[in-house]
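Asker: To start, I am sharing the structure in question, which I have written as structure tokens.
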Amino acid sequence: MAAPGENMRVNADRLWDSLMDMAKIGPGIAGGNNRQTLTDSDAEGRRLFQAWCDGAGLTMGVDTMGNMFMTREGTDPDALPVYVGSHLDTQPTGGKYDGVLGVLAGLEVVRSLNDLGIRTKHPIVVTNWTNEEGARFAPAMLASGVFAGVHTQDYAYGRKDPEGKTFGEELQRIGWVGDEEVGARKMHAYFEYHIEQGPILEAEGKDIGVVTHCQGLWWLEFTLTGREAHTGSTPMTMRVNAGLAMARILEMVQMVAMENQPGAVGGVGQVFFSPNSRNVLPGKVVFTVDIRSPDQAKLDGMRTRIEAEAPKICEALGVGCSVEPVGHFDPVTFDPTLVATVRKAAEDLGYSHRDIISGAGHDACWAARVAPATMIMCPCVDGLSHNEAEDISKEWAAAGADVLLHAVIETAGIAE
Ligand SMILES: [Zn+2]
């Protein structure tokens, strides 16, 4: 380990070993993990993380949503903490790195500061947010959402898993209801280090993604009403074909997204044909349009355009059309000072980097509502995530952790 200065690095082997040890808890069936939130495996993962934090001299606080806050004291009693975190829960067929990397890299930053004998003015708090994935209890980023005031705790406690168990009951059952009021903590800054979950960094051979924005999104649910009719005996001129209208709307969504480059995306991932029989024209088609952009005006403009064009497409075919928004969040612009700090850290360390937009939601997107926040990303193989085959290299993991270390030191300030 080098002396304090620009060559400072985390301990890559220790970070990797910790990732591998955590991955032994709640193993998947294909080399990944099934450590869903508020399961016995989640509790076991939390205990391991707690033990490691104990070993690093951190003190634990837990709030009533089960969010874990592990504090390394600073030297200035008036200074607000610098938070570093992500989530230890996984998808049912999740990878070993999604979320886990951000939490354990935070721990590694603290361990490295301990090794180097560096004290910071601001405290550093390593955070594990409960239920980021939303796989067991929808929606995703539930506990950071309560922390940021997006949801109430009552709403969160009442969320049910597929077996009908509530979030509140299960949090109680695994023994992780803390005593701190959610959202009472104030943050000087929030950093989240995460795998990209997309293909851009690997394809371009970049070590580091400097995350400038989280995309905003709209989910628009369309219900098209046609007329069920025999596919063989109904002449083309006499059909009221809701399926054809759906196809034309999909084409239109594609065009609208392409016209809003760079950064915009749009598509349809879910379609229900009714009655969904191979020789019946559908009487009803329900589908969800998913549009995203980091630019608020563009995002809202795309929605307005799609909602104006779709009824015209349907009318020309005699098809009924209604639309309802069923999901939304605003784009997030990360704190320019923290973004610049991350970019400079990558630069100083000699890592290749590019600015990048997070296409997925993260706890950082909610934290940004209550604190200056930003993210750091590393590549992942083939952009694969939410998949047991999710993979990164030890070198990729360490590079982002090095950047995190430098950015945290810069923001927390080295004590005199
Ligand atoms: Zn994640």
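The values are calculated or read from the model by the stated rules, or taken from the named source; none is laboratory data. These numbers were taken from a predicted model, which means no experiment stands behind them. So basically every Cβ, Gly included, is an ideal-geometry build from the backbone, and we count neighbours across all protein chains shown. Ligands, DNA and RNA are excluded from the accessible area calculation, which covers all protein heavy atoms including side chains. Shrake-Rupley method; radii C 1.70, N 1.55, O 1.52, S 1.80 Å.
Asker: Taking 7 Å along the Cα-to-C-beta vector as the label spot, tell me the residue 394-residue 155 distance in nanometres, rounded to one decimal.
Answerer: 4.5
Asker: Around residue 153, with a cut-off of 10 angstrom between Cβ atoms, what is the net charge of the other residues, counting Lys and Arg +1 and Asp and Glu -1? List each step's numbers first, then the result.
Answerer: On the way: positive: none; negative: 63, 154, 181.
Charge balance near residue 153 sits at -3.
Asker: Rounded to whole Hz and in sequence order, give me ³J(HN,Hα) for segment 231-242 from the Karplus expression 6.51 cos²θ - 1.76 cosθ + 1.60, θ = phi - 60°, writing x for Gly and Pro.
Answerer: 6, x, 9, 9, x, 4, 6, 10, 8, 10, 9, 5
Asker: Also: Can you tell me which of 93-106, 37-50 comes out highest on packing, and rank the rest after it, using the mean Cβ neighbours within 10 Å?
Answerer: 93-106, 37-50
Asker: Within the set of other residues whose C-beta is less than 9 Å from the C-beta of residue 356, count the net charge using Lys and Arg as +1 and Asp and Glu as -1. Could you put the intermediate results ahead of the total?
Answerer: Numbers: positive: 206, 354; negative: 196, 355.
Residues close to residue 356 contribute a combined charge of 0.
Asker: State, to one decimal in nm², a quarter of the convex hull surface area for the C-alpha atoms of segment 84-225, i.e. the direction-averaged projected area.
Answerer: Details: hull surface 52.5 nm².
Its average projected convex-hull area is 13.1 nm².
Asker: Using a Gaussian network for the chain with springs between C-alpha atoms less than 10 Å apart, which of these wobbles most: 216, 283, 383?
Answerer: Residue with maximal mean-square fluctuation among 216, 283, 383: 283.
Asker: In debye, nearest 20: dipole of the chain around its Cα centre with unit charges on the Cβ of K, R (+) and D, E (-)?
Answerer: Numbers: 34 positive and 56 negative charges, 211 e Å.
My answer is approximately 1020 debye.
Asker: Sticking with this structure for a sec: Subtracting the Cα-Cα distance from 0.36 nm times the residue separation, let me have the gained length for residue 304 to residue 233 in nm, one decimal.
Answerer: Length difference between fully extended and current span is 21.7 nm.
Asker: Around residue 267, under 13 Å between beta carbons, what's the net of Lys plus Arg minus Asp minus Glu among the other residues?
Answerer: Charge balance in the 13 Å sphere: -1.
Asker: Apply the Kirkwood formula to segment 216-329: the hydrodynamic radius equals the inverse of the mean of 1/r over all pairs of different alpha-carbon atoms; give it in Å with one decimal. Working shown, then result.
Answerer: Numbers: mean 1/r = 0.0693 Å⁻¹.
Evaluated over segment 216-329, this radius sits at 14.4 Å.
Asker: Return one whole number: the accessible area per residue of the chain in Å², for a 1.4 Å probe.
Answerer: It amounts to 41 Å² per residue over the chain.
Asker: How would you rank 326-339, 62-75, highest first, on the average number of other Cβ atoms within 10 Å across their residues?
Answerer: The peptides rank, most packed first, as 62-75, 326-339.
Asker: Moving on to the next point. Would you compute, for the Cα atoms of segment 314-372, the largest minus smallest coordinate along each principal axis and list the three values in descending order, in whole Å?
Answerer: Between the extreme Cα coordinates on each principal axis of segment 314-372 lie 62, 28, 15 Å.
Asker: Between residue 340 and residue 51, what's the calculated FRET efficiency when r is the beta-carbon distance and R0 is 60 Å? Round to 0.05.
Answerer: Values: r = 36 Å, r/R0 = 0.60.
Working from the Cβ atoms, E equals 0.95.
Asker: Still on this structure, please answer the following. Hey, can you grab everything whose amide H is under 5 Å from the amide H of residue 64? Only 5+ residues off in sequence or another chain; H modelled, so Pro and N-termini drop out.
Answerer: Those lying under 5 Å, H to H, from residue 64 are 178, 180, 182.
Asker: Can I ask one more? May I have the convex hull volume per residue, in Å³, for the Cα set of segment 375-416?
Answerer: 82
Asker: Work out, step by step, the length gained on full extension between residue 44 and residue 76: first 0.36 nm times the residue separation, then minus their alpha carbon distance; give nm to one decimal.
Answerer: 8.1 nm is the gain from fully extending residue 44 to residue 76.
Asker: Given segment 1-91 reduced to its alpha-carbon atoms as identical point scatterers, what log10 I(q)/I(0) does the Debye formula return at q = 0.14, 0.18, 0.24 Å⁻¹?
Answerer: Reported log10 I(q)/I(0), two decimals: -0.66, -0.99, -1.34.
Asker: Would you work out the relative contact order for segment 71-178, in percent, from Cα pairs under 8 angstrom that are 6 or more residues apart?
Answerer: That works out to 25 percent.
Asker: Report the Stokes-Einstein translational diffusion coefficient (µm² s⁻¹, integer) for the chain, Rh taken as the Kirkwood radius over Cα pairs, at 37 °C with viscosity 0.692 mPa s.
Answerer: Diffusion coefficient, whole number: 144 µm²/s.
Asker: Every cysteine in the chain with no other Cys Cβ under 4.7 Å from its Cβ, please list them in numeric order.
Answerer: Singleton cysteines: 53, 378, 380.
Asker: For segment 183-313, which whole percent of the accessible surface, found with a 1.4 angstrom probe, sits on carbon and sulfur atoms? Working shown, then result.
Answerer: Details: 3410 of 6150 Å².
Carbon and sulfur atoms account for 55 percent of the accessible area of segment 183-313.
Asker: Related question: Would you work out the relative contact order for segment 216-329, in percent, from Cα pairs under 8 angstrom that are 6 or more residues apart?
Answerer: 45
Asker: Can you give the helix-only mean residue ellipticity at 222 nm for the chain, where every DSSP H stretch with n ≥ 4 adds -39500 (n - 2.57) and the sum goes over all residues, rounded to the nearest 500 deg cm²/dmol? Can you show the working numbers first?
Answerer: Numbers: 12 runs with 147 residues, N = 416.
Rounded to the nearest 500, the figure is -11000 deg cm²/dmol.
Asker: With a Cα-only, solvent-free Debye model of segment 305-416, what are the log10 I(q)/I(0) values at q = 0.11 Å⁻¹?
Answerer: Each listed q maps to, in turn, -0.56.
Asker: Once amide H atoms are built 1.01 Å from N in the peptide plane, which residues 5 or more positions from residue 228, or in another chain, come under 5 Å H to H?
Answerer: Those qualifying (amide H under 5 Å, at least 5 residues apart or on another chain) are 283.
Asker: Between 36, 236, 283, whose Cα lies farthest towards the positive end of the dipole of the chain when Lys and Arg beta carbons carry +1 and Asp and Glu beta carbons carry -1, centred on the Cα centre?
Answerer: 236
Asker: Can you give me the relative contact order of the chain as a percent, contacts being Cα pairs under 8 Å and 6 or more apart?
Answerer: For the chain, the relative contact order is 24 percent.
Asker: Continuing with the same structure: Need the full-extension length gain, residue 114 to residue 166, defined as separation in residues times 0.36 nm minus the C-alpha distance. One decimal, nm.
Answerer: 14.7 nm
Asker: Follow-up. Quick one: which residues, 5+ away or cross-chain, put their amide H under 5 Å from the amide H of residue 190? H built at 1.01 Å from N.
Answerer: Amide H neighbours of residue 190, under 5 Å, 5+ apart: 83, 373, 374.
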